Amino acid sequence: TRVVVASRTYADFTPQATFDIKKCDLHKLEEGPPLQAVLTREEGLQYYRTMQVMRRMELKADQLYKQKIIRGFCHLYDGQEACAVGIESGINRTDHLITAYRAHGYTLTRGGTVREIMAELTGRRGGIAKGKGGSMHMYAKHFYGGNGIVGAQVPLGAGVALACKYQGKNELCVCLYGDGAANQGQIFETYNMAALWKLPCIFICENNKYGMGTSVERAAASTDYYKRGDFIPGLRVDGMDILCVREATKFAAEHCRSGKGPILMELQTYRYHGHSMSDPGISYRTREEIQEVRSKSDPISLLKDRMISNNMASVEELKEIDVEVRKEIEDAAQFATTDPEPPLEDLCNHIFSNEPPMEVRGTNPWAKLKSIS
Amino acid sequence: RVTGLGLGPSSGNLVVVVVQLELVTVRDALNQAMDEELERDERVFLLGEEVAQYDGAYKVSRGLWKKYGDKRIIDTPISEMGFAGIAVGAAMAGLRPICEFMTFNFSMQAIDQVINSAAKTYYMSAGLQPVPIVFRGPNGASAGVAAQHSQCFAAWYSHCPGLKVLSPWSAEDAKGLLKSAIRDDNPVVVLENELMYGVAFELSDEAQSKDFVIPIGKAKIERPGNHVTLVAHSRMVGFCLDAAAVLAKEGVECEVINLRTIRPLDTDTIEASIMKTNHLISVEGGWPQFGVGAEICARIMEGPAFNYLDAPAIRVTGVDIPMPYAKILEDNSVPQIKDIIFSVKKTLNM
């Protein structure tokens, strides 16, 4: 018979460690975020778990899409987990955040549950938007989506920041967009007004190197996205290292909260999937490139290696978390595939807020449908 | 203030009746509406080009910046898409912005924010995210400003669910509708008219009150009549009343309906009128194709009033061309009173 070796107690683990992180490239800034980050064991485990949930949730969505249980647009976030989780760890829950359509990760970090996110993707009544919004239109408290029109979320985010300043609650707005959106005119209009009015806005460009099928070199005359705010100070951050993202976000948040106005962060990151589920993602980039990132820069692996090699967690412990996460995702997928679709009575609801019930014309003159607020 | 004289009810003696009517221009009515709502709710603020220090491109916001300051009256750079988006974002985060477009022609630059960010969001979020915003400014033809500055956007905005679209005519309309719009928790487009800004109307005691609001979605019968229904919005309401005055001399009594709201359209009032008059003419300044009149006619076809029509319902509209500059051409590009009279007579087979 074998004797079970006693498992290691928590007292055996290092409670916290300091890590060197990459220096950020700076634009119109005298100094940048610190070059070291302190990570506690609790934080590490929490970040690991959240990133793993995010990863597995997106992979499950991939599966469900291929089974045609998810339809329409589905833009997956796997590879970019360190951005969403790192940003959230650098701001307060009471701060605000808005992003574009690759939004499932942020919906999670901003308080959505995996169940309601997946049920929204499958278009069920238990979805976070009751099945009315879909992949690109998920909302939560202090999270303004999920926006389908490229770049439109940037002025919106500055507007949220204006409201923060107006209401004097020392809150800020994180306003995300991609390398493709970075060429939208309305973003430059927003930079101007945000700087002019000193809005507490952190503009964040998630540069995953491709706007749909167009590489950054083919889309932008200047790929230094952190400099394109011109008069807005900027920093370029390693978006695959969660500690780098966190420290940069804290730095940026401090800048905003001190009344200095907006700041711009470019997160260099990578998406494993194509632009959306309709894009295999290999016609404009090589499989080798994708594989290289996976093996050398995967955000979850980077964190895991750091924790293991610094005795902050054990391989078994992390495996246990993986098992739990897998179960959580399975449960959510189960819910998302069995929850009923929204009732037809809901079709015309939610047109207007705070409004008495009204009639909505159906597909023909005799179809008089009911709409409730 | 106007003081009136009248005969006493039973004695026949001369009685002095003091009627508190105030003559107020549409411009001042809009100004009063914004002033009152800014005072009433500190979440309300105004942004747009020249709204603050210039007192408004058309002086509609005169005095507001002086009274409320930089925080609540905000001059923007010339960035419609940007500042409309900022306004919508502010509405999402708890404020109640009034976003002015210097004219609605420029709103085309920002139309994505109005439709996709404002109008659709409450629905897409299944009720989680309301957008209490007002987009306002002058709409439609002006005088000599040519094609790019003269388009009417009533049809385009009214096409979209999730928006309310208002089109005031009188000072009372302007005040009551704008106040309702600001108090409404939804995106409301208020289509004003530059040529009406300087026109003065009597404002009743009731309309002078700080809580005077006009319900959205309800048309007003400006002039009752039995022979033909004229439905119009904005400046054309005045033209219809003028046409009605001329026609009255020939014994034709027009019922003039002021739509006040384009979306939602008050079909009930129009139908009830047709059931009385048996004839319908809609009058608008905008282009005919897919316009406000087209929608009215389609609804009448589909509803109970159809059986009461003694003649096809017709539309009097702007001419289907970009607006020309020369006065004689411009004058002939929009409905004139004579066009309305002509159409009434044709419809009534006179």
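Just so it is clear, none of the values below were taken in a lab; they were calculated from the coordinates. Note that the coordinates shown come from a computational prediction; the quantities given were computed from them, not determined experimentally. Glycine gets a Cβ as well: all are built from the backbone with ideal geometry, and neighbour counts include every protein chain shown.
Details
- Proxy reagent accessibility, fewest Cβ within 10 Å first, across A:73, A:143: A:73, A:143
- Entry note: the stretch A:197-324 has Rg to Rh equal to 1.05, where both radii use alpha-carbon atoms and Rh is the Kirkwood radius.
- The stretch A:324-360 and the stretch B:136-162: distance between their alpha carbon centers, rounded to Å: 38 Å
- Mean shadow area of the stretch B:30-109, taken as a quarter of the surface of its Cα convex hull (nm²): 4.8 nm²
- Per residue, the convex hull spanned by the Cα atoms of the stretch A:271-373 measures out at 211 cubic angstrom.
- Counting Cβ atoms of other protein chains within 10 Å of each residue's Cβ and taking the mean over peptide A:145-157 gives 6.
- For chain B, the longest principal axis of the C-alpha atoms and the axis of helix B:337-347 are separated by about 50°.
- Partner chain coverage, peptide A:132-138 - average Cβ within 10 angstrom: 4
- In plain terms, the residue of A:175, A:74, A:348 with the fewest other Cβ atoms within 10 Å comes first and the most crowded comes last, giving A:348, A:74, A:175.
- Note on the protein assembly as shown: the C-alpha convex hull projects to 39.8 nm² when averaged across all orientations.
- Tail weight of P(r) past 20 Å, computed on alpha-carbon pairs of the stretch A:140-206, percent: 21 percent
- Considering all different alpha carbon pairs of the stretch A:319-373, the Kirkwood hydrodynamic radius works out to 14.4 Å.
- Computed on the Cα trace of the stretch A:1-159, the radius of gyration divided by the Kirkwood hydrodynamic radius gives Rg/Rh = 1.07.
- More than 39 Å apart - percent of Cα-Cα pairs taken over chain B: 16 percent
- Relative intensity, log₁₀ I(q)/I(0), of the stretch B:143-286 from a Debye sum that treats every alpha carbon as a point, q = 0.12, 0.18 Å⁻¹: -0.51, -1.10
- Using every pair of separate Cα atoms, the Kirkwood estimate puts the hydrodynamic radius of the stretch A:92-229 at 15.5 angstrom.
- Rounded to the nearest 10 degrees, the angle from helix B:171-183 to the longest Cα principal axis of chain B is 40 degrees.
- Whole-angstrom Cα spans of the stretch B:122-224 along principal axes, big to small: 43, 40, 26
- Per residue of A:347-360, other chain Cβ atoms within 10 Å of the residue Cβ number 5 on average.
- Using distinct alpha-carbon pairs, which all enter the 1/r mean, Kirkwood radius of the stretch A:183-255 in Å: 13.5 Å
- Compactness of chain A - radius of gyration and Dmax, Cα, Å: 21.7, 80
- Rounded Å value of the spacing that divides the Cα centres of the stretch B:179-253 and the stretch A:21-75: 56 Å
- For the stretch B:209-328, the average shadow cast by the Cα convex hull is 9.5 nm², which is a quarter of the hull's surface.
- Between B:235, B:136, B:299, the GNM of chain B built on Cα springs shorter than 10 angstrom shows B:299 fluctuating the most.
- GNM flexibility winner over chain A from A:255, A:137, A:75 (Cα, springs under 10 Å): A:255
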